[in-house]
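All remarks here apply to the structure that follows.
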Amino acid sequence: RAKCEGGSGFSFYKPVMNERVLETLELEGALRLAVERHEFCLHYQPKVDLTSGRIVGCEALLRWRHPQRGLVAPAEFIPLAEETGLIVPIGAWALKEACRQTRAWVSEGLPPVSIAVNISARQFRKGDLPQLVREVIQESGIDPRLLMLELTESILMTNPLGAVSVMETLKTFGVGLSLDDFGTGYSSLAYLSRYPFDQLKIDRSFVNDIVTDSNSATIATSIIALAQRMGLRTVAEGVETEAQLGYLRKNGCDEMQGYLVSRPLAAGDFARFLRENNGVTNICALDKDQFR
Ligand code: C2E
Ligand code: MG
Ligand code: MG
Ligand code: MG
């Protein structure tokens with residue numbers, strides 16, 4: 001009934017709100033077409049072992065090459081993709097592409113590195129994730145041990161038992177499971193022991209303040225100690241300074257990711273980075289001067 005009132009169907013909306021609704025609709029429409037139009041690409045950020053300095057893997061991070069807006073960061077479209085369910089086909093594309101690229105690098109003779117792919121809660125809950133993962137591994141022909149799936153705590157919240165069973169199925173394929181952004185969600189420590197994770201990623205917010213804020217430092221070191229006891233590897237995300245690196249190494253963190261070593265790189269640039277450095281970064285040298 002409201003629709004027919006007066007001349008303008010939406011007269012009770014404020015113009016500003018109208019604009020926002022329109023923009024969201026426009027974005028959704030564009031997002032819907034983006035997969036078919038091949039507008040997505042992945043950038044790859046090195047993961048470095050803190051003991052050897054070796055590049056042991058990378059994380060695949062989604063980018064949208066929008067025809068008008070240019071390169072769009074995930075923060076600007078993943079929430080809407082989640083909401084609309086479009087994250088399911090987009091996420092499937094990302095998983096396929098990451099494995100295809102990994103296979104291509106191996107074929108080119110690059111040192112084999114593991115590849116981490118982010119899985120959204122919605123994608124995880126959809127039910128056929130194990131089937132998709134199995135197909136993608138078969139199609140690409142990669143060693144499943146090279147594939148790491150990054151899950152967030154939100155996955156564990158809604159259906160803990162279901163999550164365990166999906167994760168256990170995934171583990172039988174040989175893929176690794178990583179708990180992303182650890183410390184930002186609600187998971188209790190007890191949770192951790194119930195899920196078959198291999199790796200725990202310390203959220204960037206703690207890493208960022210690790211040398212300036214004693215609470216963040218305490219949280220980070222507790223996470224590392226806990227993970228060690230549970231036999232999980234720890235990865236610090238968002239390491240930007242040598243001081244942060246030194247603190248993390250001193251406290252037994254296993255791996256790092258961050259601008260200190262490299263920003264996420266386009267596929268060709270990542271391959272060059274790997275080749276030029278012969279798979280090893282200079283972070284151990286950096287650290288020696290400052291902290292030994
Ligand atoms: P995330 O999985 O926690 O990824 C790490 C984010 O931190 C990336 O942002 C990365 O570029 C950024 N980062 C890494 N090192 C540094 C650093 O030293 N300093 C700073 N300031 N930032 C750093 P990005 O690429 O914008 O991705 C944001 C989030 O979007 C990701 O967070 C992830 O949750 C989501 N995302 C990205 N790709 C995918 C995907 O394919 N599927 C799904 N479901 N989510 C994705
Ligand atoms: Mg991640
Ligand atoms: Mg993360
Ligand atoms: Mg994060």
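The table that follows gives values for the structure above.
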read-out	value
Check on residue 263, within 16 Å of residue 208 (Cα to Cα) and among the basic types (Lys, Arg)	yes
Set 31, 22: member being at pLDDT below 95, among the hydrophobic types (A, V, I, L, M, F, W, C) and in contact with a Leu (Cβ under 6 Å, 6 or more places away or on another chain)	31
Residue 135 vs. criteria in contact with a helix residue (DSSP H, G or I) (Cβ under 8 Å, 6 or more places away or on another chain), under 23 Å from residue 97 (Cβ atoms), charged (D, E, K, R) and away from ligand 1 (no atom under 14 Å from the Cβ)	no
Which numbered condition residue 175 fails, given (1) away from ligand 4 (no atom under 16 Å from the Cβ); (2) farther than 15 Å from residue 147 by Cα	(2)
For residue 135: the one exception among (1) in a helix (DSSP H, G or I); (2) touching a residue at least 40 places away in the same chain (Cβ under 8 Å)	(2)
Candidates 155, 210, filtered to the one that is in contact with a helix residue (DSSP H, G or I) (Cβ under 6 Å, 6 or more places away or on another chain), within 15 Å of ligand 2 (Cβ to nearest atom) and more than 17 Å from residue 60 (Cβ to Cβ)	155
Number of positions in segment 158-186 that are among the acidic types (Asp, Glu) and either in contact with a helix residue (DSSP H, G or I) (Cβ under 6 Å, 6 or more places away or on another chain) or over 17 Å from residue 133 (Cβ atoms) (or both)	1
Failed item in (1) touching a residue at least 24 places away in the same chain (Cβ under 8 Å); (2) assigned to a loop (DSSP other than H, G, I, E, B), with residue 259 passing the rest	(1)
Within segment 220-263, tally of residues that are within 16 Å of ligand 1 (Cβ to nearest atom) and either under 17 Å from residue 205 (Cβ atoms) or open to solvent by less than 30 Å² (accessible area, probe 1.4 Å) (or both)	25
Segment 187-218, subset more than 25 Å from residue 130 (Cβ to Cβ), away from ligand 4 (no atom under 16 Å from the Cβ) and not in a helix (DSSP H, G or I), residue most open to solvent (accessible area, probe 1.4 Å)	212
Neighbours by Cβ (under 9 Å, 6+ apart or cross-chain): first from segment 100-115, aromatic (Phe, Trp, Tyr); second surrounded by fewer than 17 Cβ atoms within 10 Å (Cβ to Cβ) and not in a helix (DSSP H, G or I)	105/111; 105/112
Some residue of segment 151-166 being away from ligand 1 (no atom under 16 Å from the Cβ), in contact (Cβ under 8 Å) with a residue 24 or more places away in the chain, open to solvent by 60 Å² or more (accessible area, probe 1.4 Å) and in contact with an Asp or Glu (Cβ under 8 Å, 6 or more places away or on another chain)	no
Matching strands (runs of 3 or more DSSP E) fully within segment 30-88 where at least 2 residues are surrounded by 14 or more Cβ atoms within 10 Å (Cβ to Cβ) and within 19 Å of the chain's Cα centre (by Cα)	40-49, 55-66
Looking only at segment 106-127, and only at residues there that are farther than 19 Å from residue 174 by Cβ and either buried (at least 19 other Cβ atoms within 10 Å of the Cβ) or charged (D, E, K, R) (or both), the one that is nearest to ligand 2 (Cβ to nearest atom)	118
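For every residue, the table says whether it meets (1) farther than 21 Å from residue 124 by Cβ; (2) not charged (D, E, K, R).
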position: 192; (1), (2): no, yes
position: 229; (1), (2): yes, no
position: 258; (1), (2): yes, yes
position: 271; (1), (2): yes, yes
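The values are calculated or read from the model by the stated rules, or taken from the named source; none is laboratory data. Because the structure is a prediction, the values reported are computed rather than measured. Here the Cβ is made from the backbone with ideal geometry for all residues, glycine too, and neighbour counts use every protein chain on show. Note: areas computed on protein heavy atoms with side chains; ligands, DNA, RNA excluded. Shrake-Rupley method; radii C 1.70, N 1.55, O 1.52, S 1.80 Å.
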